[in-house]
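To keep things clear, I will list the structure first and then write my remarks on it.
The values are calculated or read from the model by the stated rules, or taken from the named source; none is laboratory data. Model, not experiment: these values are computed from the prediction. Don't worry about glycine lacking a Cβ; one is built from the backbone with ideal geometry, like all the others, and counts go over all protein chains shown.
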Amino acid sequence: MIIEKLFYKSSRNLVLQSTLNSYSQIFFSLDKGFSVIIIAVSFFDFWAGLSGLLAVIISNTLAYLIGFNRQNIAQGLYGFNALLVGLGLGVFYEPSMAFFAILFMASLFTLLLTIMMEGVLGKYGLSYLSLPFLFALWVFVLATRSFTELEISQRGIYRLNEMYQLGGVEMVKSYEWFGALNWPQAIVMYFKSLGAIFFQFDLFAGILLAIGLLLYSRIGFLLSVFGFACAYYFYQFIGADISELSYGYIGFNFILTSIAIGGFFMVASSYSFLWVILLTPLISVLITSTSVLLAAYQLSVYSLPFNLVVLLFMYVIKFRHLSKEKPLEVIFQQYSPEKNLYYHKNSLRRYHHRYQISFSLPFWGEWIVTQGHEGEITHKGEWAQAWDFEIFDENNSSYRGSGSSASDYYCFGKPILSPAAGMVEEITNGLRDNEINEPDYTNNWGNTIIIKHDNNVYTKMCHLKKDSIKVKRGDRVSSGEVLAQCGNSGRSPVPHLHFQVQSTPYVGSKTVFYPLSDYVILEDSGVNLIPAGVPVKGDRILGLESRESLKRAYSFVPGQQIKIEWESKDASPQEANWEVCNDVYNLMYFYEKETNSKAWYRQEGNVFMFTNFEGRKNYPLYYFFTGNYKMSLGFKKDMIVRDEFPLTSYISNAFRIVQDFLAPFVIFLKSEYSVKHTQMKEGLSEQEYTFDSEARYLIGKREFSSIRFKTHIQNDKIFDFEVHNSKQILKFRFLHYE
């Protein structure tokens, strides 16, 4: 019985999600509120609205029964083209048994076209957009002209009567009031073009859709206005017939193209807006030329120009070799221009996304950079992007005693680690360690390990100790695995480690620029974890060894259940229940059952970090996401780890609305995160750690608000967690893990 209930609930949720998302997908959205507005607009013509809804249900149901991807079904990817076909046929014909039979066949045909185009265009990384709608509607419009049982619709002739039946006297008055508004031609055409996307050609429908678009995305709304304005003034500039935009209000081609190129497929920026301007003339030419061709068959161009221009642009843009960020293609689709932009900006700071691999320091403990990029001695020309590392004591000496022997040097014999996971590509071993200040110029690099991490990405560690290499060619190594010991072989006057990144697998390969990730820099002002950077000569840096107790505390497995009790000063205790899950992309996340919230995370090397949050704020999972946004799994007292939140995860107020409009051009809001390693107690049977973190919201450089957190780790588990904000103190206790 329980299994049957769960199956029924899952199926019911799939039907609801797939239906709502089929509507919002037309505007590249998964926003449920926007879906409701679109559904309401589609039912301005009741039979057209019903036909569209039935087409969505038919298409999604068939996709489910045939066995297509459930994630795609839920996101409405197999339903939105059928929706447009249903609306189009519903506008043309009166309802009848013959009509509904045709509607079923049209929905099936649209689904088959969708799947076919998904396979064909997907090979090139392209979306099928509304091409299935175009071909399906054209086919059925041409065919149904010969079907005598179908009756052409007369709706729209007596519009006021229809409005009265829909909403009574008040609806008629509202409709007449909007019709009497003496608005400029461009504004009226913009609103009616919006409504025409759903075959609704009146002002009120367009206004409702504009409101929905504004609520869903300020950047999307801005792009819709910008794209249409570009078209309107281009028509005036070249002296074209502006009535072309009024005929069927096919100006929506400019609106959809602007949103697609300006902020959905490309990250919104001044460059994406520039491309909207450049593509506008192409759309106008295609509208005119395709209208002439299709007129012979009495067919409308509908969204054909939008499809052709967007697909052409997205295909061609993939062949760029230079300026790949002008504009930048969206890598991970968030279905929101704001989220696409803010997460891109955040990723640049957090992951330096141009570099696909995070390289940790190849050692533990405190070392000093004795030669950096563009060095004074050997790091020059094609081998300039490299580092030399040594260990110094508090007296700024790199050796004990006389320093006449390699074993006197602090770094000699110290473990050398793999900076990231990979495969051992090349090894040089067995060369002797030099006497001090007697380098071996014949064997320049000395004992060496080269590791392949990805195509054209290799790391090389040189001057290793004789016979200390613990791996062989072809071995798979993990990040932080001990590979060898630091030595004094090759062109090395004193023991040190030479480390570089290169694009080819050879011992003498030239270097390439590549930052190091998540290393600790020790300065007089404090101890800081650097997310990504390039150490320079003289930097005292620390390779943190992860603490097993911290790694276990932040290690979670799919299916794990976590129960939390939380309370505030003025409220009785409450419970929250989390489950650890992974999605279809095998990304890990916490799911909070009470609020239907999700927080995605990942663990890389010695760092646990959250990557995204969706759901209700001011509840346990959101606070845990905010207070543990980035946690180092190595401990160094008083070390500070800094990061930034994407604006969509932390800030939601009036300032964000203004920021959304300006975001493609300037970012003036910032949300910062920091965590301080406060206390550590380690005994034979227990370990305790305390971390103090803070989330700050800034306008420019001025702090607007902040929240403080305290996390307590005990015996390999997160024990409790506190939130201090301006209103109250919240306490969370992790009761148990299952």
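Looking at Ile187, is it part of a helix (DSSP H, G or I), assigned by TED's automatic domain parsing to the domain that holds Tyr315 and at pLDDT below 90?
Details: part of a helix (DSSP H, G or I): yes; assigned by TED's automatic domain parsing to the domain that holds Tyr315: yes; at pLDDT below 90: yes.
Yes.
In segment 612-621, which residues are surrounded by fewer than 21 Cβ atoms within 10 Å (Cβ to Cβ) and not in a strand (DSSP E or B)? Spell out how you get there, then give the answer.
Kept after step one, since they are surrounded by fewer than 21 Cβ atoms within 10 Å (Cβ to Cβ), are these residues of segment 612-621: 612, 614-619.
Gly615, Arg616, Lys617, Asn618, Tyr619 - these are the residues of segment 612-621 that are surrounded by fewer than 21 Cβ atoms within 10 Å (Cβ to Cβ) and not in a strand (DSSP E or B).
Taking segment 458-490 as the search range and keeping residues that are of a type in the set (S, T, N, Q) and surrounded by 15 or more Cβ atoms within 10 Å (Cβ to Cβ), which one is nearest to Gly446 (Cα to Cα)?
So in segment 458-490, the residues of a type in the set (S, T, N, Q) come out as 459, 468, 478-479, 485, 488-489.
Those still in the list that are surrounded by 15 or more Cβ atoms within 10 Å (Cβ to Cβ) too: 459, 468, 479, 485, 488-489.
On the way: Thr459: 15, Ser468: 12, Ser479: 23, Gln485: 13, Asn488: 8, Ser489: 5 Å.
Taking the candidates together, the pick is Ser489.
Within segment 552-611, how many residues turn out to be part of a strand (DSSP E or B), more than 25 Å from the chain's Cα centre (by Cα) and among the small types (Gly, Ala, Ser)? Walk me through it before giving the result.
Just the residues of segment 552-611 that are part of a strand (DSSP E or B), to begin with: 561-568, 574-582, 588-592, 597-604, 607-611.
Still in the list and also more than 25 Å from the chain's Cα centre (by Cα): 561-568, 574-577.
When the remaining residues are screened for being among the small types (Gly, Ala, Ser), the result is 568, 576.
Summing the residues that are part of a strand (DSSP E or B), more than 25 Å from the chain's Cα centre (by Cα) and among the small types (Gly, Ala, Ser) in segment 552-611 gives 2.
What do you reckon, is Phe655 in contact with a helix residue (DSSP H, G or I) (Cβ under 7 Å, 6 or more places away or on another chain) and either in the same structural domain as Ile219 (by TED's automatic domain parsing) or over 11 Å from Tyr342 (Cα atoms) (or both)? Working first, answer last.
Details: in contact with a helix residue (DSSP H, G or I) (Cβ under 7 Å, 6 or more places away or on another chain): no; either in the same structural domain as Ile219 (by TED's automatic domain parsing) or over 11 Å from Tyr342 (Cα atoms) (or both): yes.
No, not satisfied.
I want to confirm something. Restricting to segment 298-329 and keeping residues that are in contact with a helix residue (DSSP H, G or I) (Cβ under 7 Å, 6 or more places away or on another chain) and over 19 Å from Leu129 (Cβ atoms), which single residue is surrounded by the fewest Cβ atoms within 10 Å (Cβ to Cβ)? Spell out how you get there, then give the answer.
Within segment 298-329, the subset in contact with a helix residue (DSSP H, G or I) (Cβ under 7 Å, 6 or more places away or on another chain) is 299-310, 313, 326-329.
Remaining after also requiring over 19 Å from Leu129 (Cβ atoms): 326, 328.
On the way: Lys326: 14, Leu328: 20.
Ranking the candidates gives Lys326 first.
Kindly establish whether Phe28 is on the phi > 0 side of the Ramachandran plot and in contact (Cβ under 8 Å) with a residue 40 or more places away in the chain. If you could, list the steps in order and put the result at the bottom.
Details: on the phi > 0 side of the Ramachandran plot: yes; in contact (Cβ under 8 Å) with a residue 40 or more places away in the chain: yes.
So Phe28 passes the test.
Tell me whether segment 585-595 contains one or more residues that are charged (D, E, K, R), surrounded by 17 or more Cβ atoms within 10 Å (Cβ to Cβ), farther than 15 Å from Arg733 by Cβ and touching a residue at least 24 places away in the same chain (Cβ under 8 Å). Give the derivation first.
First, pick out the residues of segment 585-595 that are charged (D, E, K, R): 592-594.
From what is left, the residues that are surrounded by 17 or more Cβ atoms within 10 Å (Cβ to Cβ) are 592.
Okay, now just the ones that are also farther than 15 Å from Arg733 by Cβ, so 592.
Of the ones still in play, those that are also touching a residue at least 24 places away in the same chain (Cβ under 8 Å) are 592.
Taking every residue of segment 585-595 in turn, at least one turns out to be charged (D, E, K, R), surrounded by 17 or more Cβ atoms within 10 Å (Cβ to Cβ), farther than 15 Å from Arg733 by Cβ and touching a residue at least 24 places away in the same chain (Cβ under 8 Å).
Every residue, every condition in (1) among the hydrophobic types (A, V, I, L, M, F, W, C); (2) in contact with a Gly (Cβ under 6 Å, 6 or more places away or on another chain); (3) assigned to a strand (DSSP E or B), yes or no:
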{"residue": "Phe332", "(1), (2), (3)": "yes, no, no"}
{"residue": "Tyr342", "(1), (2), (3)": "no, no, no"}
{"residue": "Val369", "(1), (2), (3)": "yes, no, yes"}
{"residue": "Ile377", "(1), (2), (3)": "yes, no, no"}
{"residue": "Asp393", "(1), (2), (3)": "no, no, no"}
{"residue": "Asn396", "(1), (2), (3)": "no, no, no"}
{"residue": "Gly413", "(1), (2), (3)": "no, no, no"}
{"residue": "Pro419", "(1), (2), (3)": "no, no, no"}
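Of all the strands (runs of 3 or more DSSP E) wholly in segment 625-738, which have at least 2 residues that are in contact with a Leu (Cβ under 9 Å, 6 or more places away or on another chain)? Before the answer, list the steps.
Details: elements: 630-632, 639-644, 669-682, 687-699, 702-714, 717-724, 729-737.
Those strands (runs of 3 or more DSSP E) span 630-632, 639-644, 669-682, 687-699, 702-714, 717-724.
Glu579 is checked against (1) among the acidic types (Asp, Glu); (2) surrounded by fewer than 19 Cβ atoms within 10 Å (Cβ to Cβ); (3) out of contact with any Phe, Trp or Tyr (no Cβ under 8 Å at 6 or more places or on another chain) and fails just one. What number does that condition carry?
Of (1) among the acidic types (Asp, Glu); (2) surrounded by fewer than 19 Cβ atoms within 10 Å (Cβ to Cβ); (3) out of contact with any Phe, Trp or Tyr (no Cβ under 8 Å at 6 or more places or on another chain), only one is false for Glu579: (3).
State which residue is surrounded by the most Cβ atoms within 10 Å (Cβ to Cβ) when the search covers only segment 491-528 and only residues that are touching a residue at least 60 places away in the same chain (Cβ under 8 Å) and among the small types (Gly, Ala, Ser).
If we filter segment 491-528 for residues that are touching a residue at least 60 places away in the same chain (Cβ under 8 Å), which is where we start, we get 491, 494-501, 505-508, 510-520, 522, 526-528.
If we keep only those that are among the small types (Gly, Ala, Ser) as well, we get 508, 517, 526.
Numbers: Gly508: 12, Ser517: 24, Gly526: 11.
The residue in question is Ser517.
Starting from residues that are closer than 15 Å to Ser303 by Cα and of a type in the set (A, V, I, L, M, F, W, C), keep the ones in segment 185-200 and report whichever is farthest from the chain's Cα centre (by Cα).
Top of the filtered list is Phe199.
Can you name the helices (runs of 4 or more DSSP H) wholly within segment 19-79 that have at least 2 residues being surrounded by 18 or more Cβ atoms within 10 Å (Cβ to Cβ) and within 21 Å of the chain's Cα centre (by Cα)? Please lay out each step first, then the result.
Numbers: elements: 32-42, 46-66, 70-74.
The helices (runs of 4 or more DSSP H) meeting that bar are 70-74.
Would you mention how many residues in segment 557-576 are surrounded by 11 or more Cβ atoms within 10 Å (Cβ to Cβ) and of a type in the set (A, V, I, L, M, F, W, C)?
So in segment 557-576, the residues surrounded by 11 or more Cβ atoms within 10 Å (Cβ to Cβ) come out as 558, 560-568, 574-576.
Adding the requirement that they be of a type in the set (A, V, I, L, M, F, W, C) leaves 562, 564, 566, 576.
So the answer is 4.
What are the pairs, 6+ residues apart or on separate chains, where a residue within segment 555-568 that is outside the structural domain of Glu592 (by TED's automatic domain parsing) and closer than 15 Å to Phe721 by Cβ has its Cβ under 8 Å from a residue that is of a type in the set (Lys, Arg) and at pLDDT below 90?
Filtered contacts from segment 555-568: no entries.
For Lys598, are the conditions met, namely being basic (Lys, Arg) and surrounded by fewer than 17 Cβ atoms within 10 Å (Cβ to Cβ)?
Details: basic (Lys, Arg): yes; surrounded by fewer than 17 Cβ atoms within 10 Å (Cβ to Cβ): no.
Judged against the criteria, Lys598 is not a match.
Any idea which of (1) within 32 Å of the chain's Cα centre (by Cα); (2) farther than 23 Å from Val501 by Cα is the one Leu348 doesn't satisfy?
For Leu348, the exception is condition (2).
Kindly indicate whether Tyr689 is under 27 Å from the mean Cα position of the chain (by Cα), in contact (Cβ under 8 Å) with a residue 12 or more places away in the chain and assigned by TED's automatic domain parsing to the domain that holds Phe625. Please lay out each step first, then the result.
On the way: under 27 Å from the mean Cα position of the chain (by Cα): no; in contact (Cβ under 8 Å) with a residue 12 or more places away in the chain: yes; assigned by TED's automatic domain parsing to the domain that holds Phe625: yes.
When the stated conditions are applied, Tyr689 does not pass them.
How do the pairs read when you match residues in segment 320-349 that are more than 11 Å from Ser269 (Cβ to Cβ) and without any contact (Cβ under 8 Å) to a residue 24 or more places away in the chain with residues anywhere that are surrounded by fewer than 16 Cβ atoms within 10 Å (Cβ to Cβ) and among the small types (Gly, Ala, Ser), using Cβ under 7 Å and keeping only pairs 6 or more apart or on different chains?
Every condition considered, no pair remains.
Test each condition in (1) buried (at least 20 other Cβ atoms within 10 Å of the Cβ); (2) in contact with a helix residue (DSSP H, G or I) (Cβ under 6 Å, 6 or more places away or on another chain) for Arg400 and report the one that comes out false.
Every listed condition holds for Arg400 apart from (1).
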